[in-house]
Amino acid sequence: MDTARLQWGLSQVTSSDIQEALAEAGLQPLSTSSLDSLKVYLDLLLKWNSRLNLTAIREPEAIVRRHFIESLVGAERLPQGIKTLLDFGSGAGFPGIPIAIRRPEITVTLGESQAKKSAFLREAGRALGIPVEVYDGRIEFMPETRQFGAVALRAVDRMEEACVEALRRVETGGWLVLFATRPSVPRLIAPLKGIAWRSPVVFAGTVEEIILVGRKLAPLE
Ligand SMILES: C[S@@+](CC[C@H](N)C(=O)[O-])C[C@H]1O[C@@H](n2cnc3c(N)ncnc32)[C@H](O)[C@@H]1O
């Protein structure tokens, strides 16, 4: 690993390396401009991560494999017709930013309570020229009148409570999208009523990590 390049936030991962990783994961190829956006995002993330510790994963190849690919699997599996999506606890932008790149028809809101991370998310939106909204604060304080066609959660602290909060912000007929491990699913979905769950998507190369998508059938009581 070339430490000088990493220090400047420039990785040796190229757009074609990203395309290759997509193919290995069985994902559709991306356009040149989407690949370029992912590369800009990767370099920006590495640059900010060296000072702000936005993600514990530091190796560029591992960021692509874990964060980009998982988020893009989610993006590909989101049902058609979704117009708005809230990424609940977006952190360094996963899965929200790759979803905004892969599914430009969806207006993405990145919800993040830590100021340093929401500052990074704003900068990433600007650098990539994508129209993401950053909601700077805890989602519990977001007015419930804000409703979304989908709410996605990945690796959020106190995930059980977060799922209940998230469901309040899914419009009727909209989708809850959980990035979870298989053993955690019964505990996560037990308090969530009135959802029709689809079969989980299992990540290639793992047996435990899944994406679970469910449709909210009726307003909450
Ligand atoms: C472990 S990180 C994961 C981030 C990202 N989703 C990912 O998969 O890489 C969880 C993030 O959720 C944020 N978070 C946790 N609870 C939240 C809440 N109630 N409202 C907004 N952000 C929250 C934390 O600040 C943290 O940045």
query = In Å and whole numbers, how far do the C-alpha atoms of segment 107-201 stretch along each principal axis, longest first?
reply = 38, 27, 26
note = For segment 151-221, the dipole about the Cα centre with charges only on Cβ (Lys and Arg +1, Asp and Glu -1), to the nearest 20 debye, works out at 180
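Heavy atoms only, probe 1.4 angstrom, no DNA, RNA or ligands counted: give me Asp43, Asp157 ranked by accessible area, highest first. Before the final figure, lay out each step's value.
Numbers: Asp43 30, Asp157 125 Å².
In descending accessible area the options line up as Asp157, Asp43.
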ask   = Hey, what do the phi angles of segment 172-187 turn into as Karplus ³J(HN,Hα) couplings, whole Hz, using 6.51/-1.76/1.60 and θ = phi - 60°, x for Gly and Pro?
value = 4, x, x, 10, 9, 10, 10, 8, 8, 9, 4, x, 7, 4, x, 5
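About the Cα centre of the chain, what is the dipole size in debye to 20, counting +1 per Lys and Arg Cβ and -1 per Asp and Glu Cβ, all else neutral? Spell out each step's value before the answer.
Numbers: 27 positive and 26 negative charges, 60 e Å.
Charge dipole of the chain: 280 debye, to the nearest 20.
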task = With unit charges on the beta carbon (Lys/Arg positive, Asp/Glu negative), name the residue among Phe203, Pro60, Leu85 whose Cα is farthest towards the positive pole of the charge dipole of the chain.
result = Leu85
note = From the Cα centre of segment 53-88 to that of segment 184-218, the distance in Å is 17
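Restricting the count to DSSP beta bridges whose residues both fall in the chain, what percent are antiparallel, rounded to a multiple of 5?
Values: 12 of 31 bridges.
DSSP beta bridges in the chain are roughly 40 percent antiparallel.
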inquiry  = Can you work out the Karplus-derived ³J(HN,Hα) for every residue in segment 105-115? Use 6.51 cos²θ - 1.76 cosθ + 1.60 with θ = phi - 60°, whole Hz, and x for glycine or proline.
reply    = 6, 9, 7, 9, 10, 9, x, 8, 8, 8, 4
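What is the percent carbon and sulfur in the accessible area of the chain, measuring with a 1.4 Å probe over the protein chains and ignoring ligands?
On the way: 5550 of 10580 Å².
Its accessible area is 53 percent carbon and sulfur atoms.
What FRET efficiency comes out for Thr14 versus Arg138 if R0 is 45 angstrom and r is the Cβ-Cβ distance? Round to the nearest 0.05.
Values: r = 38 Å, r/R0 = 0.84.
That pair, Thr14 with Arg138, gives E of 0.75.
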request  = Mind pulling the angle between the C-alpha long axis of helix 15-24 and the longest principal axis of the chain? Nearest 10 degrees, somewhere in 0 to 90.
outcome  = 50
Accessible surface, per residue, of the chain when the full set of protein chains is kept, probe 1.4 Å, Å² = 48
ask   = Glu209's amide H: which non-local residues (gap 5+, or another chain) put their own amide H closer than 5 Å, with H modeled 1.01 Å from N in plane and none for Pro or chain starts?
value = Arg182, Phe203
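Name the shape class, rounded, prolate or oblate, that the alpha-carbon gyration tensor gives for the chain, where a ≥ b ≥ c are the square roots of its eigenvalues, rounded holds for a/c under 1.5, and otherwise prolate holds if a/b is larger than b/c and oblate otherwise.
Working: a/c = 1.77, a/b = 1.49, b/c = 1.18.
Prolate, because a/c is 1.5 or more and a/b exceeds b/c.
The values are calculated or read from the model by the stated rules, or taken from the named source; none is laboratory data. Because the structure is predicted, anything quoted here is derived from the model rather than measured. Cβ: placed from backbone, ideal geometry, glycine included. Neighbour counts: every protein chain shown. Accessible surface areas use protein heavy atoms only, side chains included; no ligands, DNA or RNA. Shrake-Rupley method; radii C 1.70, N 1.55, O 1.52, S 1.80 Å.
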